[in-house]
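Trainee: After the structure tokens below, expect a handful of questions from me.
None of the figures in this text is laboratory data; all of them are computed from the coordinates on show. In this text, all values refer to a predicted model and were calculated from it rather than measured experimentally. Cβ: placed from backbone, ideal geometry, glycine included. Neighbour counts: every protein chain shown.
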Amino acid sequence: MFLFGRDYIFNSSAKQLDEVIKASQVAKTDEWPSIYRILDILDELSRLWQPGTEYFEQALSDLDSAEQFSHEMNKLSLMQLSGLFSKTENLKRLKGELDNPLALDEFVRTKRFEGNLKYEPLGIVLHITAGNIFLGAIDSLISGLLTKNVSLIKLSQSNTVFPKIFLDSFKVADKNNELLSKIGLLSWKGGESEIETFLKTKVDCILAWGGDEMLKSYKHDLPGNVKLIEHGPKVSFQVLTHKKFNQMKASGFNKLVSDICLWDQSACANAQALYIESSIEVNDLFLKLKAAFEQFEFSRRELSLDENLEKYEAFELSEFRSFKGEGEYLRGNDFFLEFTSNSLLSSSTLNRHLLVKKFDSVAGLEISIKPFKKFLQTCGLGCIPSETKTFSNMLANAGVKRITDFGSMLKISSGAPHDGSYNLADLVQVCSQELEQSPQAFALKMCDEIPFYSKLKVLKFEDIPLANSELYQKYSPGKSSELLNPNRAAGIIFSSGGTSGKPKYCFYENTEFDLVADELAKSYENIGLVSSDKVANLFTAGNMWSSFSIIQKALERVVNEQFPMGATLPAEEFIELQERFNINVVFGLPSLLCDLAKLSPSVKIQKVFYAGEPMRKSYKEILEKQWGVKQFISAGYASVDVGPIGYQDETCEGSEHILLSSLVHLEIINGEAVVTSKVRRGMPVLRYQTGDRVKIIEKRDDFLKFELLGRADSLINIWSSRFYLSDITSVMERLGVDQFQIILESTNSEDILSFNTTTELSEVIQNKILLNIYASAKDISHTHPFEYFKKHCKFKCLDLKRSEKTGKISNLIDLR
Amino acid sequence: MKPKVLKYKAFSKTPEAQQAFLKDLKTVLSLHRSGNEYIEYRFKKYELKKQSDILNLPFIHVNLFKFHSLQSCPDKEVELRLTSSGTGGQKSQMLLDTDSLQNVKTMAYNVYDELGMVSDKKYNYLCFTYDPEVANDLGTAFTDELLTSFTGKNEVFYTFQFNGNEFVFEKEKTIQKLKEFAQSKYSLRILGFPAFLYDLIVQNDIQLDLGADSWLMTGGGWKGRSLDEISKVEFKELVNKRLGIPKENVRDLFGMVEHGIPYVECARGKFRIPNYSRVIVRDHKTLEPLGYGKVGLLQFICAYNSSNPTFSYLGTDKGMIIESSDELGDELVLLGRAGVSKHKGCALKALELMK
């Protein structure tokens, strides 16, 4: 036996029991590794228990010597182990049951609640495990460890072989006793009331798997503060309709029979009864089952004296019923088929004893099983697809917890609730943090965790240095871990290099990415995207860019049908698909949408969601003209480094946006939007300079509406004077020039400002532009005469240059 | 029917006595085959000609009698219906016509007589059982009434009394009665479940001297309550020390309501098999008969009952037979109940579903 990191000989004396509890209480207060560390240690065990490894072979040989099950069955049991410990499987299970595993470490956002949650362990959990197969004990232990509960496992006295070798492997996987220091393995004779009475008053929870008597004994006089999670005895069965029977081949019967033969029916998911539609001939069925039983690859183990006597009793009763015309039977070497006219569900004597019963209708079947609601577990359902819904609904209503195909009754899908409830969720207590989310506190916490910031010893939010694109480039993941959380969960790396050409990447935990998608989805719904909309995602896919992926994920939450086309789909294909599927909404980059619209005038699109570039008037005109677009909606104001920052609703005009205040905190410093993420912890975003100039329009409580004024980095510094690109843009738009680029070049030591437009501008217009800009850009007019200004400006009519990296058309290109 | 075997001593080993049992068995088999369709169906291929054929006698699993009534005689011939005390689930039933009832009584008398337990003297009786006046269909009550008939009777006290709704154990009255009987000029015979007596002695710290001619005749199974903790030998020592009953006067009885044959401990504390029955130990896997000293399932055979076809059944006990070296019958060693495997898994078993 074993107690919290050391071998322990347990003789169940009062003194020892006291010692066990004291040690458990100490273990309870010890620090736990993070959930991802726990997963890694277990994953190491998964590796150690791969088929063919030293531990696997040794355990197989030991189990064979114990003669509880046949060699083949022992092998099959051991082959499950690796999966039980696997990080992938356990992560799936954690996500399925708890949504965000990180909530086991700290308060984090989950989908369960619009705030932060933390899962607290119950404390000391006493696991009373069923002795049929050791897998149950392992599974129970894993549940305890994943939920950070100190786990005292009562081992079945019939399983003395496996625990030792299992512990040996655990010691290899957990060299620092990180988990072993939280595990106690004890064994005593079931029903020893003194031990049980003592323990049940000292632990916080009893997780009990097994028979009714055992459960009753633990329930009796259970203190009110001790939680009992009952997994009492269960019965499973199969249902076979006539239509399915007619279609079933030998392989189908082999699967049906495997649900009975595996582990010789000792598991709760093994079928004990088979309900057949009354029109199926019993003899016909028996012959098919007989062939399948005889072909089953694993032989039944030797039965004990008690089991044999039970078998003889069943033989006698079936003989008598057959004599009275109330049943039929078929006995094989290691199986026993018994048809009885009593259709009420009953359980067999196990060990490959199948009770066959008939049903006339779905309602009739319900009457036969419903009285046993509390005991029902798995139903292996054999019916044709058109029957599935009716049977499944009835079975669920009757109390069945799992419905599977034949051959899958003993394969529990990871994430599927066992026994109709989520075990991990039962083993934790949930604490919701319904406090006002303080971005400052969150940011300071992140400063403690992130290497770059922790060195700065920041004490106040205001002292956190402003971050910007350059900082993110310098410490970009792939080159540095300075901005990454050492305890980050699994996630995605996106390219956020922008137009500058220098590579830069950012990291999102998967759950963060999901949260962002959730918020975006809500904003799309707010502005009128409805489930019946058919949406084409025309953002550029791949290249490690985020927009396509995040839009796809957000759309999953809103619309019934989306079409992930990407930006490179040929126009003729787009036309064909739009017509075939009646696509009415597109998401994409405005300039690329316009290019596509010019080539597809027959297409009709109602709504355009855009991002990445402003929706210029000229773009709007093209899209209105070509596609008949009625509504232009910003798909969100975002940056890859930060994530979504704002969204638009019907009250927003122009570049007005509403802050996604559940995700980000906004400061305005020198007119520039500086953003702190409230949710990003894998690669936190702390006081990040967006480079966008903003102005607050409206602010009340959590609601903040702001206007985007343009890029802060679009400050044009030329001829010793400074003015904003927006000074030029407003003039150009006023004069009807929508598509243009300002290019700053250096020629013969002189700086030249070129206006590159897509249409040839008349001299009159050119003059008007220059005069208006000169009038509004005071810094130039105070520094230079108009002639100087005019001399250093040029007009070109060329294709607008796109960024090779992002495909975006920038309004300002500095080539100096 | 009047069994021929009753002409011989209960533990007789003579060839004539053995032959008489064989003949009785043939008669019983024939009676039930003709009077009971299921017995005909199950035994039609079997031929009983010689002693060694008994080893091949088919059997009915005893639990069939718990679920189905299989009587071989008309209702009007049934003199007594007995049920087992039923520790859980279904109860077994035993039907006795006039002859069969008489046979049971005669056989019991003979067995007890040959084991030195019958006397003309008067005794007081303390019965750890139900008053047969009220519980007249319970096997244990019937047995106790029968056992009190082997001696003269002064006073009989039943510890379980009917309160109008149910039988309740009258603990205080029982202690009082024990003390009274200890003062009586008559010796005392205590009958019934050992567990109740054990608890009574230990929990109430009873210390009495009931005298060298007092007896304790237990039955109804050894297991139960705190008695699980001690052996039969220790129990006998305790009874001797606390009640003054000689250890050789503490005798246990193993009997089954379906069977009707008493297996009573001799003075050496061994259950003896009378010539009124055969007990065959069978291999649990092959069902082949096992020899002396081998542990297996027990088949019980008797040949006195024409009303109920329980003449050959497979019981739910495991045990073995030790060959006797004295004038009494072979020794039956019981090694506990069988047939309810201690299920270790999470799958539900039949018994639990019925609850």
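Trainee: Taking every residue in A:344-350, how many Cβ atoms of other protein chains lie within 10 Å of its Cβ, on average?
Mentor: 4
Trainee: Please determine, in degrees from 0 to 90 and to the nearest 10, the orientation of helix A:71-85 with respect to the longest principal axis defined by the Cα atoms of chain A, where the helix direction is its Cα long axis.
Mentor: 30 degrees
Trainee: Also: Of A:S655, A:G643, A:L666, which is farthest towards the positive pole of region A:628-689's charge dipole, taken about the Cα centre with +1 and -1 on the beta-carbons of Lys, Arg and Asp, Glu respectively?
Mentor: A:G643
Trainee: Over 32 Å apart: what share of the alpha carbon pairs of chain B falls there, rounded to a whole percent? Could you put the intermediate results ahead of the total?
Mentor: Details: 20058 of 62835 pairs.
Considering chain B, 32 percent of its Cα-Cα pairs are separated by more than 32 Å.
Trainee: While we're on this one: Need one number: nm distance between label points at A:D360 and A:N342, each 7 Å from Cα along Cα→Cβ, rounded to one decimal.
Mentor: 2.0 nm
Trainee: If you don't mind, there's one more thing I want to ask. So for each of A:545-558, A:466-479 I average, over its residues, the number of other beta carbons within 10 Å; can you give me the resulting order with the highest mean first? Walk me through the intermediate numbers first.
Mentor: Working: A:545-558: 20.7, A:466-479: 17.0.
Ranked by mean Cβ neighbours within 10 Å, highest first: A:545-558, A:466-479.
Trainee: Please report, in debye to the nearest 20, how large the charge dipole of the protein assembly as shown is about its Cα centre when each Lys and Arg carries +1 at its beta carbon and each Asp and Glu carries -1 there.
Mentor: The calculation lands at about 560 debye.
Trainee: Restricting attention to chain A, give the cysteines that have no other cysteine Cβ less than 4.7 angstrom from their Cβ.
Mentor: A:C205, A:C261, A:C379, A:C383, A:C431, A:C447, A:C506, A:C594, A:C652, A:C793, A:C797
Trainee: What are the ³J(HN,Hα) couplings of region A:629-645, residue after residue, when phi is run through the Karplus curve with 6.51, -1.76, 1.60 and θ = phi - 60°? Round to Hz, x for glycine and proline.
Mentor: 5, 9, 9, 10, 10, 5, 6, x, 8, 8, 9, 4, 4, 8, x, x, 10
Trainee: To the nearest 0.05, how large is the calculated FRET efficiency for A:Q247 and A:S187 if R₀ is 51 Å and r is the Cβ-Cβ distance?
Mentor: Taking R0 as 51 Å, the efficiency between A:Q247 and A:S187 is 0.55.
Trainee: Within straight cross-link reach of B:K318, meaning Cα distance under 12 Å, which aspartates and glutamates are found once same-chain residues fewer than 8 apart are removed?
Mentor: Filter leaves A:D306, B:D283.
Trainee: Kindly state, to the nearest 0.05, the FRET efficiency for A:E213 paired with A:E302, given R0 = 25 Å and r defined as their beta-carbon distance.
Mentor: Working: r = 26 Å, r/R0 = 1.03.
E(calc), rounded to 0.05, equals 0.45.
Trainee: Give me the percent of DSSP beta bridges within the protein assembly as shown that run antiparallel, rounded to the nearest 5. Could the numbers behind the result be given before it?
Mentor: Values: 92 of 181 bridges.
In the protein assembly as shown, DSSP labels about 50 percent of beta bridges as antiparallel.
Trainee: If we count other beta carbons within 10 Å of each Cβ, what is the order of B:E37, B:E77, fewest first?
Mentor: Ordered from fewest to most neighbouring Cβ atoms within 10 Å, B:E37, B:E77 come out as B:E37, B:E77.
Trainee: For chain A, what is the mean residue ellipticity at 222 nm derived from helices alone (per DSSP H run of n ≥ 4: -39500 (n - 2.57); sum divided by total residues; nearest 500 deg cm²/dmol)?
Mentor: That calculation yields -11500 deg cm²/dmol at 222 nm.
Trainee: Can you tell me how much longer the chain between A:R47 and A:E787 gets when fully stretched, taken as 0.36 nm per residue apart minus their C-alpha distance, in nm with one decimal?
Mentor: 258.6 nm
Trainee: Using label points projected 7 Å from each Cα along Cα→Cβ, tell me how many nm separate A:K630 and A:I696, to one decimal.
Mentor: Taking the two extended label points, one gets 3.7 nm.
Trainee: How much length would be gained if the chain were fully extended between B:E155 and B:K179, taking 0.36 nm per residue of separation minus their Cα-Cα distance, in nm to one decimal?
Mentor: Length gained between B:E155 and B:K179: 7.3 nm.
Trainee: Could you work out, residue by residue across A:301-308, how many beta carbons of other chains sit within 10 Å of that residue's beta carbon, and then give the average as an integer?
Mentor: Going residue by residue through A:301-308 and averaging, the value is 6.
Trainee: Once both labels are modelled 7 Å past Cα along the beta-carbon direction, what's the A:L744-B:K122 spacing in nm?
Mentor: 13.2 nm
Trainee: Here is a further query. Peptide B:58-67: average number of partner chain Cβ atoms within 10 Å per residue? Don't skip to the end; give the middle numbers.
Mentor: Numbers: counts 0, 2, 3, 11, 3, 7, 5, 0, 2, 5.
Averaged over the peptide's residues, the number is 4.
Trainee: To continue, here is another question. How much FRET efficiency would the formula 1/(1 + (r/R0)^6) give for A:S432 and A:E281, where r is the Cβ-Cβ distance and R0 is 51 Å, rounded to 0.05? Don't skip to the answer; put the middle values down first.
Mentor: On the way: r = 59 Å, r/R0 = 1.15.
Efficiency computed from Cβ-Cβ geometry: 0.30.
Trainee: Now for a different question. Quick one: angle between helix A:35-48 and the longest Cα principal axis of chain A, in degrees between 0 and 90, rounded to 10, please.
Mentor: It is inclined by approximately 50 degrees.
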